[in-house]
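Notes follow the structure.
The values are calculated or read from the model by the stated rules, or taken from the named source; none is laboratory data. Values in this document were obtained by computation on a predicted structure and should not be read as measured data. We place every Cβ from the backbone using ideal geometry, glycine too, and count neighbours over all the protein chains shown. Heavy atoms of the whole protein, side chains included, go into the accessibility calculation; ligands, DNA and RNA do not. Shrake-Rupley method; radii C 1.70, N 1.55, O 1.52, S 1.80 Å.
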Amino acid sequence: MQLIVAVDNNWAIGNGNKLLVRIPEDQKFFRNTTMGHVVVLGRKTLDEFPNGMPLKGRKNIILSTNPDYKAGDAVVVHSKEELFEELKQYDSNDIFVIGGESIYKMLYKYCDTAHVTKINYSYQADKYFPDLDKEDNWKMTADSDEQTYFDIEYYFQKYENENPIPMI
């Protein structure tokens, strides 16, 4: 299982249930990386998508504690156990965890690869991703040259988990 995330210098990912910043090349990277694959996300993350609808061209699996929640053609699960049962039918390399904070924190240790867009700025934030630089099992294995969007500097980085937890 993989994950994809954009973080600032403090590993922040959002503020007020919104992304910190929208960078067109990062959005293109996200789209190209996840297209045709399975994406796992929480209900609050889905609410931030255009019209609150699942992403086109991907199998969307939404984690929500609301037993009546429906989201277009997405599969809705209600617990980590139900999610893992659903994910058994897919190749692990085809699964991308895409947020938000609670979903990342629940699942990142099960992932073997993290695609991180690291934004060289510290934003006002209330949602964070675990700092992979401080995690013993995670090692950065790729780092792009500096990218810029107006005055924002950012990097496309890849981290690999040397010892992911197997899904039960």
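Binning the alpha carbon pair distances of region 107-156 at 5 angstrom intervals from zero yields the distribution 4, 15, 25, 23, 20, 10, 2, 0, expressed in whole percent.
Our estimate of slack between Lys28 and Asn9, defined as 0.36 nm per intervening residue step minus the Cα-Cα distance, is 4.7 nm.
Using the average count of surrounding beta-carbon atoms within 10 Å as a protection proxy, the listed peptides 8-16, 143-151 rank, highest first, as 8-16, 143-151. Using the Cα gyration tensor of region 1-74, with a ≥ b ≥ c the square roots of its eigenvalues, what is the shape: rounded (a/c below 1.5), prolate (a/b larger than b/c) or oblate (neither)? Here region 1-74 falls in the oblate category. Spin-label model, Asn120/Met35: points 7 Å from Cα along the beta carbon direction are separated by 2.9 nm. For region 26-168, the spread of Cα positions along the three principal axes, ordered from largest to smallest, is 43, 36, 29 Å.
Can you tell me how region 48-114 classifies by the Cα gyration tensor, rounded, prolate or oblate, using a/c under 1.5 as the rounded cut? It is rounded, given that a/c, with a ≥ b ≥ c, falls under 1.5. Ignoring aspartates and glutamates fewer than eight residues from Lys134 along the same chain, the ones with Cα atoms less than 18 angstrom from its Cα are Asp8, Glu101, Asp112, Asp143, Glu160, Glu162. Accessible surface of region 1-63, 1.4 Å probe: 50 percent of it comes from carbon and sulfur atoms. Between helix 24-34 and the chain, what is the angle of the helix's C-alpha long axis to the longest principal axis, kept within 0 to 90° and rounded to the nearest 10? Around 40 degrees separate the two axes. Counting only DSSP beta bridges with both residues in the chain, what percent are antiparallel, rounded to the nearest 5? The antiparallel fraction comes to roughly 50 percent.
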